[in-house]
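Below is one structure; the comments refer to it alone.
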Amino acid sequence: MHIGSFELPNTLFVAPMAGVTDRPFRSLCKSLGAGYAVSEMVTSRKELWNTLKTSRRANHEGEAGPIAVQIAGTDAAMMAEAAVYNIDRGAQIIDINMGCPAKKVCNKWAGSALMQDEALALEIIEAVVVACAPRNVPVTLKMRTGWCQSHRNAVTLARAAESAGVQMVTVHGRTREQGYKGPAEYDTIAAVKAALSIPVVANGDIDSPEKALAVLRATGADALMIGRAAQGRPWIFREIGHFLATGEHLAPPLVAEVRRLLLDHLEEHYTLYGDYTGVRSARKHIGWYVKALPGGEAFRARMNSLEESAGQVRAVADFFDELGTRMDRMPPAVMDTAEDRDAEHMELAA
Ligand SMILES: Cc1cc2nc3c(=O)[nH]c(=O)nc-3n(C[C@H](O)[C@H](O)[C@H](O)COP(=O)(O)O)c2cc1C
């Protein structure tokens with residue numbers, strides 16, 4: 001599959017997740033079988049570009065290409081400027097966020113709120129495409145199925161986006177009103193796929209190889225995008241890839257491998273965020289890795305009291321060493337319930 005001139009190694013994508021899919025996590029997913037990753041969104045508000053948060057998000061040092069940056073905003077000219085700003089900092093693909101439901105985005109910026117105002121949405125898309133075209137940078141769009149149950153306009157908007165020059169559309173199978181509640185639906189994604197000639201990516205609730213196959217079959221999508229199920233389980237991409245290619249399940253990773261990749265992940269994390277912030281923001285990742293493991297809940301609680309990177313690294317290494325005395329391989333994944341995911345998302349969005 002191609003996005004513009006970029007050929008992707010496979011069609012399993014990491015979803016952009018603010019506060020999660022930073023460069024270390026994206027790189028890890030790519031090394032474990034993801035074919036493509038989109039950065040966390042960067043605001044189109046210029047006054048925030050020099051903040052530490054935005055400059056970290058715009059840092060792509062050492063990341064395998066293509067570098068895709070997601071931008072969010074409500075003003076066409078500002079969005080066009082944000083696209084150029086990110087291209088100047090290494091973005092090779094620009095993704096427009098019309099999928100994120102968090103209040104902060106809808107009030108201050110945009111996200112899925114834009115689906116309610118098709119004229120403005122299109123104005124933004126056109127301005128970004130015009131800014132990116134001379135730089136030979138493809139523009140993609142991430143959206144939901146619509147604003148609410150009675151206003152599911154993904155097909156109309158996706159068609160208009162294609163005509164405006166967008167080169168790939170991702171659809172999360174929920175409306176804006178749904179947030180993360182209720183199961184994702186795939187009929188609207190199938191309708192978008194049937195209506196467009198550019199690649200369409202299906203997203204929402206893909207958490208196992210079987211689900212991936214079912215979503216591919218239900219939608220006919222060109223690619224799949226996986227978000228929450230990759231938290232603490234970045235090897236899900238190679239598991240799904242293997243299943244789609246062979247019909248067989250890959251064995252769960254060795255405990256020793258997970259120990260090594262989590263410790264490497266932590267090192268990269270501290271390098272990007274520095275020790276103080278890094279130790280704190282690493283806690284959620286560590287929590288996800290150990291969540292379903294024996295002793296994982298207690299370890300997660302203890303982790304919150306560790307204040308320094310050396311102590312955090314030692315505790316993680318000890319936890320996995322001890323686990324390794326009980327089992328060679330990680331236990332099979334335990335799927336989160338919809339309630340678990342809702343609760344966790346509310347926590348992250350707060
Ligand atoms: C913590 C978190 C942060 C997110 N941040 C973004 C974002 O910055 N941009 C975006 O388009 N979607 C964002 N999303 C939505 C995801 O990209 C994805 O569409 C959604 O989680 C559904 O996919 P999943 O069921 O595989 O998680 C976020 C989701 C979560 C859970």
- Message: Given R₀ = 25 Å, what would the calculated FRET efficiency be for A195 paired with E7, taking r from the Cβ atoms and rounding to 0.05?
- Response: 0.50
- Query: How high is the FRET efficiency from R56 to V334, r the C-beta distance, R0 35 Å, rounded to 0.05?
  - Reply: 0.65
- Item | the chain: most fluctuating residue of P66, P294, P138 per GNM, C-alpha cutoff 10 Å | P294
- Query: Carbon and sulfur: what percent of the chain's accessible surface (1.4 Å probe)?
  - Reply: 52 percent
- How compact and how long is region 4-48, expressed as Rg and Dmax of its alpha-carbon atoms in Å? 12.2, 37
- Query: Taking Cα atoms, how many degrees apart are the long axis of helix 309-326 and the longest axis of the chain, rounded to 10 and kept between 0 and 90?
  - Reply: 70 degrees
- Based on DSSP, what percent of beta bridges with both residues in region 41-174 are antiparallel, to the nearest 5? 5 percent
- Note on the structure: In degrees, nearest 10, the alpha-carbon axis of helix 76-88 is tilted away from the dominant principal axis of the alpha carbons of the chain by 50 degrees
- Compute the acute angle (0 to 90°) between the alpha-carbon long axis of helix 275-290 and the principal axis of greatest extent of the alpha-carbon atoms of the chain; round to the nearest 10°. 80 degrees
- So what does the Cα-only Debye profile of region 277-328 read at q = 0.18, 0.24, 0.30 Å⁻¹, as log10 I(q)/I(0), no solvent term? -0.52, -0.90, -1.28
- Points 7 angstrom from Cα along the Cβ direction at R135 and D264: gap in nanometres? 3.1 nm
- Return the percentage of antiparallel bridges among DSSP beta bridges fully within the chain, rounded to the nearest 5 %. 10 percent
- Where Lys and Arg each count +1 and Asp and Glu each count -1, what net charge lies around V215 among other residues with Cβ under 13 Å from its Cβ? -3
- Residues in region 13-38, backbone N under 18 Å from the label point at L250 (7 Å along the Cα-to-beta-carbon vector): list them, ranges by number please. 13-15, 25-37
- The relative contact order of the chain, taking Cα pairs under 8 Å that sit 6 or more residues apart, comes to a percentage of 13 percent
- Item | Members of K30/K284; K142/K211; K193/K291; K142/K291; K181/K291 lying beyond 27 Å, as alpha-carbon distances in this model show | K193/K291; K142/K291
- Message: Restricting to Cα atoms and excluding each atom paired with itself, what does the Kirkwood estimate give for the chain in Å?
- Response: 20.5 Å
- If the convex hull is drawn through the Cα atoms of region 169-210, its volume per residue in Å³: 82 Å³
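The values are calculated or read from the model by the stated rules, or taken from the named source; none is laboratory data. The structure displayed is predicted, hence computed values, not measured ones. Methodologically, a virtual Cβ is constructed for each residue, glycine included, from the backbone with ideal geometry; neighbour enumeration extends over all protein chains shown. Note: areas computed on protein heavy atoms with side chains; ligands, DNA, RNA excluded. Shrake-Rupley method; radii C 1.70, N 1.55, O 1.52, S 1.80 Å.
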